[in-house]
Amino acid sequence: MRRDKNGVSQDVFMYQDPVMPGRRLTDIVINDRLREKTEIDFVSNGNNKVIPCLSYRQLKASGIRVSHYSGWETREGEAAGSSDAETSVPSRCEDLALRIPAAFVQYDHTHQVLNITVPQEAMDNERFTMISPAEWDHGTPSLRSSYSGYFYSSRLKGASGPGWKVDDSTTESAWLSLNTTGNAGPWRLYSIDSFYRNDRHQWKSNHDRAYLARDIALLRSSLQVGEIYTRTSGTMTGAIPLRGISLATSERMSLDNQYSYAPVIRGVARTNARLTVRQRDAVIYSTLLTPGAFAIDDLYTAQVGADLDVMVEESDGQIQSFRVPYTALPGMIRAGAIRYSLAAGTWRGPDGGTSEPALLSGTLEYGFEHFTLNSASVMTENYQMFSSGAAWNIGAIGAFSADLAYARHRETWRDNRQREGTAARLLYARQFDVTGTSLQLLGYQYQSESFLDAGEFLARQSQSWIDGYAPDTTTWQRRRRNRMEMTVSQNMNSVGNLYMTISQESFYGTGDKNSSLSAGAGTTVGSASVSLALTHNRYQRLSDNQLTLSLSLPLSVWLPARQDAGFLSYGLSRNKNNQYGQSLGYAGNSAGNDFSYSASLQRDTQGEYSQSGSLGWNSSRANITAGMSHARDYRQYSAGMSGGVTLYRGGVIMSPPLGNTVAIVETPGAENIRVSGINNARTDSAGRAVVTWLTPYRYNQINLDAGESDGAELQESSRKIVPTEGAAVLLRFATRSGRRALVEIYSRKSIPLGALAYTESAPGVNETEEAGIVGQKGLVWLTGLDTHRAQVLNVIWGQRPEERCQIALSAPTEEQLKPDNWHKKIRAECL
């Protein structure tokens with residue numbers, strides 16, 4: 001409603017809609033999908049209504065097939081985007097609802113969203129679309145690090161006997177990990193390191209990798225250079241550490257419906273109809289159909305493994321209903337999608353390796369409507385490996401995949417003989433909605449005795465350790481024969497759920513078998529949660545069994561007014577020797593989840609008792625934990641801290657742990673502004689904060705709340721951004737700080753509704769600021785007032801000298817400065 005500093009008339013209140021003519025940044029949502037964020041002109045239609053002015057070119061750019069319809073104000077080939085030079089308003093506004101049958105346009109002024117609904121045939125659903133790179137934000141140059149560390153101290157009481165004595169002993173250790181990111185323009189520098197201090201007070205470092213990376217929008221790919229890993233998705237080659245370069249598809253650049261597999265829904269509509277897709281009784285997709293065949297190939301909110309119930313409601317009232325089975329495996333991608341990776345460099349083996357051979361690696365996957373084909377290869381000196389496979393969605397049967405691999409190598413560490421071998425892998429998954437049974441994965445992999453994958457070959461050739469075993473030992477020499485795994489779960493609705501996971505692997509030349517079993521059940525009894533879990537692990541000839549019963553009860557059952565009352569827990573466990581252990585504990589959080597605490601009492605399988613407790617504090621600067629435990633023979637103390645440090649041109653900001661992509665928020669002069677995000681960040685004394693987790697290549701909305709800030713006002717409280725991966729996007733929000741006041745104006749002049757009040761600039765300052773709008777009965781809500789001196793306010797409602805007056809506000813009293821007194825009216829004359 002605010003125009004400019006030259007004054008306004010009460011015409012600002014004449015429109016029937018709460019929207020004023022002008023240009024504003026707007027989200028365009030077509031058929032419930034966000035297409036873009038752009039500036040839209042809003043114009044008066046002559047009937048005291050304000051409507052969005054959409055040009056022919058804007059509609060076409062938004063994916064609407066305007067060429068399929070006639071009657072447009074702008075003809076195909078004309079300069080549809082031309083506009084008046086003064087107003088920047090398109091010279092021709094198109095009436096979408098008039099040109100396209102069943103089209104509908106609605107503007108949500110509260111959220112600044114323009115909702116457009118058109119029939120499916122009117123949409124040009126280009127495959128593999130993404131948010132325009134023109135909207136991407138590479139962020140501001142910065143250097144940031146996410147850290148996590150702890151200190152641990154344990155004191156073990158000594159013992160003595162006839163003729164011998166063991167003194168008390170103390171063990172101390174510390175650990176620190178650093179995940180560092182630097183960015184400048186589209187380039188990123190990543191480094192991952194950790195440091196460990198053992199009980200001999202010696203520090204050791206472990207450098208995992210450091211590399212440069214950037215996105216390439218034209219290829220929808222990412223480039224990495226340095227210490228990297230090959231990206232092999234679901235193929236049999238596995239990830240290989242390299243020192244080199246890689247180029248691979250970046251699925252995150254494309255919209256969510258472009259890669260993750262979902263079935264194509266096909267059918268025929270007899271009339272103009274509405275299609276609705278449900279999954280487990282929840283509507284996940286809906287669109288309008290025109291008569292004829294249709295194919296829905298852009299589902300992206302569906303849950304993998306649950307069938308789709310499709311309903312087509314014809315305009316004559318008849319309904320078609322059918323079910324589409326939906327099961328997918330990790331390697332499946334959408335019809336028409338291509339996913340690839342290429343890498344070249346030298347093998348980056350662990351410390352102590354004797355060779356770093358050059359290596360080439362590549363993968364390629366292509367999606368069809370019901371299946372996905374894949375292939376992969378790895379080539380280096382003395383080793384070549386090729387694999388291919390396919391994954392099918394076989395309707396009601398489920399999803400199935402089969403992969404074959406062939407490898408040839410020369411055993412340079414033994415007799416230099418050339419050997420070759422094969423491997424096969426089968427996977428199956430199915431969700432049975434009728435029974436609630438989910439067979440999430442049933443897999444079997446077999447490999448011949450002479451088959452080695454690339455990682456095994458390179459480790460053997462360089463005489464590196466394998467799975468913790470030194471070279472040339474029996475275990476180092478053994479080769480896997482087969483592996484079987486299965487994961488199944490059973491949903492019993494209100495009764496509870498069951499689950500079971502089994503895996504087993506065997507090796508050539510030995511009777512050793514590694515196996516594991518994990519099974520359990522969970523249910524609720526009133527407000528209490530009850531679970532029973534069984535684990536069995538066998539490694540070589542060693543085995544372990546554990547049976548655990550757990551109960552958890554919220555104390556809010558007895559204290560309904562205290563939802564932060566915490567939980568009581570009880571645990572009972574039995575080991576393979578039929579020995580029992582028990583625990584009783586309490587844990588809770590503060591009302592704002594800033595503080596957490598716990599205490600427990602344990603009795604181990606030997607009948608010994610111990611006590612433990614912990615405290616946690618999650619602030620907007622870091623997360624801190626501390627704990628201790630005590631028993632008859634030992635005492636243990638620990639402390640930990642995790643967080644993030646961001647260095648940029650505005651200084652240094654401390655925050656909770658950082659994600660890969662972040663935003664830096666600046667509110668100059670305004671402290672304690674709450675910033676949306678999972679870390680509940682607040683601006684510091686310099687008006688800065690970090691939003692620690694953003695989704696790259698997607699719209700991210702950053703919201704600010706000044707409700708708890710003393711005297712600060714935000715001139716805007718929300719921004720929507722599209723960060724690239726690894727970016728640190730800088731967002732500077734205009735703020736005004738000062739006291740607030742409710743002033744009742746009286747004057748000999750007739751001050752109209754909608755007049756604007758401006759603060760007069762301080763000595764030496766040439767700027768004025770709008771402070772409020774005059775409402776009914778001369779009431780005006782003023783913000784940004786000086787907290788120390790008297791001020792002059794100019795009230796303006798026109799261009800002529802008689803259409804303005806001045807208010808002289810005296811310096812505020814101590815009573816007026818109290819935060820709770822802002823609403824008390826101050827009477828002032830406007831002269």
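The values are calculated or read from the model by the stated rules, or taken from the named source; none is laboratory data. As the structure is a prediction and not an experimental result, all values here were calculated from the model. Counting neighbours? That spans all protein chains shown, and the Cβs are built from the backbone with ideal geometry, glycine included.
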- [ ] Scan the range 772-825 residue by residue and report those that are under 42 Å from the mean Cα position of the chain (by Cα) and surrounded by fewer than 12 Cβ atoms within 10 Å (Cβ to Cβ).
- [x] K818, P819, D820, H823
Open item on the list: With the structure loaded, tell me whether K204 is more than 30 Å from A626 (Cα to Cα) and outside the structural domain of E365 (by TED's automatic domain parsing) or whether it fails that test.
Closed with: no
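Listed here are the residues, each with its yes/no results for (1) under 26 Å from V225 (Cα atoms); (2) touching a His at 6+ places or on another chain (Cβ under 7 Å); (3) not hydroxyl-bearing (S, T, Y).
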position	(1), (2), (3)
L329	no, no, yes
G336	no, no, yes
S355	yes, no, no
G367	no, no, yes
F386	yes, no, yes
Open item on the list: Please verify whether A306 is small (G, A, S) and surrounded by 16 or more Cβ atoms within 10 Å (Cβ to Cβ), treating the condition exactly as stated.
Closed with: yes
Open item on the list: Which count do you get for residues in the range 720-737 that are out of contact with any Pro (no Cβ under 7 Å at 6 or more places or on another chain), of a type outside the set (A, V, I, L, M, F, W, C) and within 24 Å of W187 (Cα to Cα)?
Closed with: 3
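State the number of residues belonging to the range 338-353 that are among the aliphatic types (A, V, I, L, M), under 27 Å from the mean Cα position of the chain (by Cα) and within 15 Å of I228 (Cβ to Cβ).
We begin by selecting, within the range 338-353, every residue among the aliphatic types (A, V, I, L, M); these are 338, 342-344.
Pick out the ones that are also under 27 Å from the mean Cα position of the chain (by Cα) and you get 338, 342.
If we keep only those that are within 15 Å of I228 (Cβ to Cβ) as well, we get 342.
Final tally of qualifying residues: 1.
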Open item on the list: Checking the structure you have, find out if any residue of the range 414-427 is assigned by TED's automatic domain parsing to the domain that holds S401, buried (at least 16 other Cβ atoms within 10 Å of the Cβ), modelled with pLDDT under 80 and closer than 23 Å to P241 by Cα.
Closed with: no
Open item on the list: Consider the range 557-584. How many of its residues are assigned to a strand (DSSP E or B) and basic (K, R)?
Closed with: 1
Open item on the list: Based on this model, can you work out whether M311 counts as without any contact (Cβ under 8 Å) to a residue 60 or more places away in the chain and surrounded by 15 or more Cβ atoms within 10 Å (Cβ to Cβ)?
Closed with: yes
Open item on the list: Out of A734, A727, I need the residue that is modelled with pLDDT of 90 or more and under 28 Å from V665 (Cβ atoms). Which one?
Closed with: A727
Task: Flag for M236 being touching an Asp or Glu at 6+ places or on another chain (Cβ under 6 Å), farther than 19 Å from T181 by Cα, at pLDDT below 95 and of a type outside the set (S, T, N, Q) - done: yes
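Here is a list: T271, T276, T290. Which entry is in contact with a helix residue (DSSP H, G or I) (Cβ under 7 Å, 6 or more places away or on another chain), farther than 20 Å from E369 by Cβ and either among the charged types (D, E, K, R) or not assigned by TED's automatic domain parsing to the domain that holds R33 (or both)?
From the options T271, T276, T290, the qualifying one is T290.
Condition first: of a type in the set (F, W, Y) and either at positive phi or surrounded by 15 or more Cβ atoms within 10 Å (Cβ to Cβ) (or both). Now tell me which residues in the range 507-566 satisfy that.
Taking the range 507-566 as the starting set, the residues that turn out to be of a type in the set (F, W, Y) are 507-508, 539, 558.
Hit for the range 507-566 is F507, nothing else.
Residue-wise test of (1) among the hydrophobic types (A, V, I, L, M, F, W, C); (2) buried (at least 17 other Cβ atoms within 10 Å of the Cβ); (3) not assigned by TED's automatic domain parsing to the domain that holds G63.
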| position | (1), (2), (3) |
| --- | --- |
| D108 | no, no, no |
| A134 | yes, no, yes |
| S146 | no, yes, yes |
| F151 | yes, no, yes |
| P162 | no, no, yes |
